[in-house]
Each structure stands twice: as structure tokens, then as C-alpha cells.
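Notes to accompany the following structure.
The values are calculated or read from the model by the stated rules, or taken from the named source; none is laboratory data. Predicted model, so just to flag it, every value in this text is computed and none were measured. Ideal geometry is used to build each Cβ from the backbone, glycine not excepted, and the neighbour counts take in all protein chains shown.
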Amino acid sequence: MLVAMDKYGSITLPAHLRQELGLEKGAYLELSIEEDGVIVLHPVNVQRTVRLNGKGLKKLEEARKSGTGELPEWITRDMSDAQADTDPEIP
């Protein structure tokens, strides 16, 4: 299948391929280049990560208890199982 690259370096995947692969607007693709120069695209699911230290977790707990304000649904869901990161390699 032949596709053209625009002046910004973007390519458009034909609609039938996007539908076949279940790709929607905003989908992420991992690009790799094999030794022979072949370009490979793999659909990936990107998960947001929120990291908090002990102080941040304390503030989060205070905010939970206050019951004020509204946060986006994704962060509310992620907060429900937030834990302190004890890995010393992570700043």
C-alpha cells in the first residue's frame, strides 16, 4: 500500500486500516526501524502515571477528606489506589 508523507512529515493511515485495527483519533503507535530499514508500527495503550512522595500522598489524603472540588475522572480513579513510591531510583 502506498501512502504519501505531507510537508510536516505526517502520514495518513487509510480509514479501512484504522477501522480494521480499531484505531481511533488520539491512538498511539510505537514506531521501530528494523536493520533492513523496514518501518514497523505497533498500536500501544498508554496509561497515565501519577507519582507522589510521602508529602504528596499526605496532601492527597487531606484533599480526599475535604470533599471539595472536582477532579477529572481519570485522576479520581488513579487516586483510589495511589501508594508511596519506595523506589530510590525514581526522583
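Listed values, structure above:
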{"item": "Some residue of region 27-47 being closer than 30 Å to G9 by Cα and touching a Lys or Arg at 6+ places or on another chain (Cβ under 9 Å)", "result": "yes"}
{"item": "Candidate set: region 1-33, residues that are touching a Pro at 6+ places or on another chain (Cβ under 8 Å) and among the hydrophobic types (A, V, I, L, M, F, W, C); chosen: the one surrounded by the most Cβ atoms within 10 Å (Cβ to Cβ)", "result": "L23"}
{"item": "Cβ-Cβ under 7 Å pairs, at least 6 apart or on other chains, region 1-28 side within 18 Å of H42 (Cβ to Cβ), far side among the hydroxyl-bearing types (S, T, Y) and modelled with pLDDT of 90 or more", "result": "V3/T12"}
{"item": "Hits in region 17-44 - residues which are farther than 18 Å from L2 by Cβ, within 17 Å of the chain's Cα centre (by Cα) and not in a loop (DSSP other than H, G, I, E, B)", "result": "Y28, L29, E30, L31, H42, P43, V44"}
{"item": "Qualifying positions in region 46-91 - modelled with pLDDT of 70 or more and of a type in the set (G, A, S)", "result": "G54, G56, A63, S66, G67, S80"}
{"item": "Pick from region 50-73, criterion part of a helix (DSSP H, G or I) and not charged (D, E, K, R), ranking: surrounded by the fewest Cβ atoms within 10 Å (Cβ to Cβ)", "result": "S66"}
